[in-house]
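Visitor: To start, I am sharing the structure in question, which I have written as structure tokens.
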Amino acid sequence: MRGRVENLLEKIHSYNPKADLDMVRLAFEFAEHAHKGQMRSSGEPYIIHPLAAAEILADMKLPTNIIIAGLLHDVPEDTPVTIADIRKNFGDDVASMVSGITKLGKLKYRGVDRYIENLRKMFVAMASDVRVIMIKFADRIHNLETLGALPPNKQKRVAMESLEIYAPIANRLGMNEMRTRIEDLAFRYAMPKEYEWASSLASKAASAKERYIARIKSVIEKDLRDAHLPIVQIQGRVKHLYSLYQKLLKHERDIVQIHDLVALRVLMPSVGDCYAALGIIHQRWKPLSGRIKDYIAQPKPNGYKSLHTTVFCDEGEIVEFQIRTVEMHEEAERGIAAHWRYDEDGKQAQAALAAQLGWVKDLAENQRQIRDNDAYLESLETMKIDVFQNRIFVFTPKGDVIDLPEGATPVDFGYAIHTDIGNTCVGARVNDQIVSLDSPLHSGDYCEIIVDKNRKAPNPDWLTFIKTSHARSHIRTMAKSKLNKWLKDLSDAEDGEQKKYVPPSAKTARNPKSRKQKPSK
Ligand code: MN
């Protein structure tokens, strides 16, 4: 155990020479003392678990305070030592992280509510301090690594929860390494038969393909050198098992149809070199049409940047290339955690989170505002939809990119641009074709919203097809205020004024085509 602690300290020192290693050692001893006599289900001393979590955090090259909080993360929940004791010994910052994890961990809901409630807690914790989520990831990874010691029903629950909650959040934070680790560990316990099937299929296919990829690598390496392009590194990367499995499900379980089982990753010093390398690759091999993706000019919503191309390669094989700079690679693997390198207190990372992921704050804010329980549960459902659906990019006529969930419609698009555009939209033109307001948009579409300034309110029928909670809440609010106004007008009329009132539903029925719901003056 001592040796393992020394290794941890060495690891921290290697990426952070200024780290206060004495404090880390102290935190270990504090935790070891607090957990004295406690055992894991595996029969090992409990301290192994927080130590392993701290190692995972150090692998992520995170600052010492996060690692210290990682060592202490189970102390207040499982031992007589309190948050106040931790504050006294390790200060406010560490204490507040540990208390964040403790709040997150106390959740013992059962049934459907459990999932949603867990999700909510994750978001609230993330919005207040994203570092808490990093510790939760490390905690979860070690629990997954040691899942074998638990009874099967518990294994399955923890594994499913990891796939459904933890992995998507890691993905949204751009933390690919964390996501793939969680997914592959959980996959085996969540779907044991499918795991066996996919892993035997993958190992056969990959070993055949790896030899081929090694050959292609030397071909392109020579081409790039001949063109005097400075290569940092070319590596073959094997698709991780769970994402391969998901792709297989989309392609009739036929591995022959998966072109990126093994891909070549080309790391270049600068953005210009990346585009130059793309050109060299296309000079040698013809690209498949529609498979060139420029995520440098148009990054994915989670910040992912890279050039992707799939080419008809030697001997009729199809090969994917991913070209990016070293910084892009670092960001792609570590995501939000990449911002911490020179940022001991995590302020920069939290700011980056806020900037990149305004939705986290929005969601947490929505949570606080909702008092009514039914509305609250419903908002959690839509929040789940917003965050975990795959995203598409749709362009405005000015060329701005709007990030929407899959299946979003022109109404969602309109509301995403501006509430007034959403409220007054009457039609849409997608790639120069007039389409109905409920037709799903696709990535890369150009969408133009046709508005009618005279339109007073959105159509409540839109609620049946829209996909974003943003649009939903605006339509609801407008519908409510319109109803109130109508009721008020009605009572004014009963007071003696001679006005004729047409209820919204009657108006819609009479004029279904325009769907305008202008109440008569
Ligand atoms: Mn733990």
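Visitor: Each residue of the range 5-21 in order: what ³J(HN,Hα) in whole Hz does its phi give by Karplus 6.51 cos²θ - 1.76 cosθ + 1.60, θ = phi - 60°, with x for Gly and Pro?
Guide: So the Karplus estimates, Gly and Pro as x, are 5, 4, 4, 4, 4, 5, 4, 4, 4, 5, 9, 9, x, 8, 4, 7, 5 Hz.
Visitor: Shifting gears a bit: Considering lysine pairs in the range 2-193 that are 8 or more places apart or on different chains, how many have Cα atoms under 21 Å apart?
Guide: 22
Visitor: Convex hull over the Cα atoms of the range 390-475, averaged projected area in nm²?
Guide: Computing the convex hull of the Cα atoms and averaging its projections yields 4.8 nm².
Visitor: Normalised radius of gyration for the range 1-68, please: alpha carbon Rg relative to 2.2 N^0.38 Å, two decimal places. Show your work: numbers first, answer last.
Guide: Numbers: Rg = 11.9 Å, N = 68, 2.2 N^0.38 = 10.9 Å.
The value comes to 1.08.
Visitor: Once both labels are modelled 7 Å past Cα along the beta-carbon direction, what's the Gln235-Arg291 spacing in nm?
Guide: Inter-label distance under the simple model: 2.3 nm.
Visitor: While we're on this one: Arrange the following residues from fewest to most other Cβ atoms within 10 Å of their Cβ: Lys456, Lys136.
Guide: Ordered by Cβ neighbours within 10 Å, fewest first: Lys456, Lys136.
Visitor: Mind running the shape call on the range 203-339? Use the C-alpha gyration tensor, a ≥ b ≥ c as the square roots of the eigenvalues: rounded below 1.5 for a/c, prolate if a/b tops b/c, oblate otherwise.
Guide: It is oblate, given that a/c is not under 1.5 and a/b is not larger than b/c.
Visitor: Express in nm, to one decimal, how much length is gained between Arg253 and Met1 on full extension, taking 0.36 nm for each residue of separation and deducting their alpha carbon distance.
Guide: 86.2 nm
Visitor: Taking neighbour Cβ counts within 10 Å as the exposure measure, how do Ser289, Ser162, Ser207, Ser443 sort from fewest upward?
Guide: Neighbour counts put them in this order, fewest first: Ser289, Ser207, Ser443, Ser162.
Visitor: Let me ask another. Just the C-alpha atoms of the range 2-193: what Rg/Rh do they give, with Rh taken as the Kirkwood radius?
Guide: 0.95
Visitor: Still on this structure, please answer the following. Post the alpha-carbon centroid distance, the range 391-454 to the range 23-71, in whole angstrom.
Guide: Cα centroid to Cα centroid, the span is 50 Å.
Visitor: On to the next question. Based only on other Cβ atoms within 10 Å, what is the fewest-to-most ordering of Met328, Met1, Met175, Met160?
Guide: Ordered from fewest to most neighbouring Cβ atoms within 10 Å, Met328, Met1, Met175, Met160 come out as Met1, Met160, Met328, Met175.
We did not get these values from a lab; they are worked out from the coordinates using the rules stated. None of these values were measured; they are calculated from a predicted model. When we count neighbours, we look across all protein chains shown, and the Cβ atoms used for this are built from the backbone with ideal geometry, even at glycine.
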